[in-house]
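Everything below concerns the one structure shown next.
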Amino acid sequence: MGGICPCGVKVDGTSFYRKVGFNQVPYTVIGDLTYKAEVCISNLANSTLTLRFDETGIANKYSFLFTANAIKDVICRVRDNTCIVTVTGTGTIESEQYPFTAEFVDKLENTTSDFVESFVIEGFFNQLGIVPISEGAVVSLGCQN
C-alpha cells in the first residue's frame, strides 16, 4: 500500500479443519479457512480483504469466497501485549452483498501463533470462536511503539 500506515493489518494465513457456522444451517460445517488482507485506515479505497472457506466434507456445498468491496472502518488497540485490529465493511459472496466484522490479533512478542479472534459475515457465516493461524500470518500496523 506504500507509505506509513497509522492503523491497519496485513494477513496471509490458513487454518485447517475448523468447525464453522452458517445461518439457516442447524449444524456446524468443517473446512479450511484462508484469510488474506491488506488494510490501512488512511487508504480504505485500496484496501483488500478476502475469506475463503473450503468445506472438507463429501458434499462440499458450503465452500465460498467472500471479497470485501467496501471497507468502512479500521480500529487498532493494544491489549496484553497484542495488537487487535478490527475491520468492518461490506463484501460479496457471488452476487450477494453482506456486512462483515473481522478481528485479527497479532502477538507482539514471539509466540507460536497469531489468530483471528472473530470473523462474522452478517446473515451468512460465523467462524465460531478464535482461529489460530501461524506466527507472522497477521502483521498489525500502528500498534508497535
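The values are calculated or read from the model by the stated rules, or taken from the named source; none is laboratory data. The model shown is predicted, which means the values in this text are computed figures rather than measured ones. Positions of Cβ are generated from backbone atoms using ideal geometry, with glycine treated the same way; all protein chains shown enter the neighbour counts. Calculation scope for accessible area: heavy atoms of the full protein, side chains included, ligands and nucleic acids excluded. Shrake-Rupley method; radii C 1.70, N 1.55, O 1.52, S 1.80 Å.
Looking at Gly142, is it in contact with a strand residue (DSSP E or B) (Cβ under 6 Å, 6 or more places away or on another chain), modelled with pLDDT under 90 and on the phi > 0 side of the Ramachandran plot? Considered against the rule, which asks whether it is in contact with a strand residue (DSSP E or B) (Cβ under 6 Å, 6 or more places away or on another chain), modelled with pLDDT under 90 and on the phi > 0 side of the Ramachandran plot, Gly142 comes out as yes.
Among the candidates Gly123, Gly136, single out the residue that is at positive phi, in contact (Cβ under 8 Å) with a residue 60 or more places away in the chain and over 14 Å from the mean Cα position of the chain (by Cα). Give the derivation first.
Numbers: Gly136 fails: in contact (Cβ under 8 Å) with a residue 60 or more places away in the chain.
Step by step, each of Gly123, Gly136 is checked, and only Gly123 is at positive phi, in contact (Cβ under 8 Å) with a residue 60 or more places away in the chain and over 14 Å from the mean Cα position of the chain (by Cα).
Considering Glu55, Glu38, the condition of being open to solvent by 40 Å² or more (accessible area, probe 1.4 Å), touching a strand residue (DSSP E or B) at 6+ places or on another chain (Cβ under 9 Å) and of a type in the set (Asp, Glu) is satisfied by Glu38 alone. When Leu128 is tested against (1) surrounded by fewer than 17 Cβ atoms within 10 Å (Cβ to Cβ); (2) over 14 Å from Thr48 (Cα atoms); (3) of a type outside the set (D, E, K, R); (4) at pLDDT 95 or above, just one condition goes unmet, and that condition is (4). Taken together, the residues in segment 9-27 that are in a loop (DSSP other than H, G, I, E, B) and open to solvent by 70 Å² or more (accessible area, probe 1.4 Å) amount to 4.
On the stretch given as segment 66-75, residues that are crowded, with 20+ Cβ neighbours inside 10 Å and either touching a residue at least 60 places away in the same chain (Cβ under 8 Å) or over 12 Å from Thr48 (Cα atoms) (or both) total 1.
Every condition in (1) touching a Ser or Thr at 6+ places or on another chain (Cβ under 9 Å); (2) among the charged types (D, E, K, R); (3) over 25 Å from Ile4 (Cβ atoms) holds for Lys107 except the one numbered (3). Answer yes or no: is there a residue in segment 111-119 that is closer than 14 Å to Lys10 by Cα, open to solvent by less than 60 Å² (accessible area, probe 1.4 Å) and in contact with a Pro (Cβ under 6 Å, 6 or more places away or on another chain). Among the residues of segment 111-119, at least one is closer than 14 Å to Lys10 by Cα, open to solvent by less than 60 Å² (accessible area, probe 1.4 Å) and in contact with a Pro (Cβ under 6 Å, 6 or more places away or on another chain), which makes the answer yes.
Conditions (1) within 14 Å of Val9 (Cα to Cα); (2) among the basic types (Lys, Arg), marked per residue:
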| residue | (1), (2) |
| --- | --- |
| Tyr35 | yes, no |
| Glu55 | no, no |
| Lys61 | no, yes |
| Ile75 | yes, no |
| Ile121 | no, no |
| Gly129 | no, no |
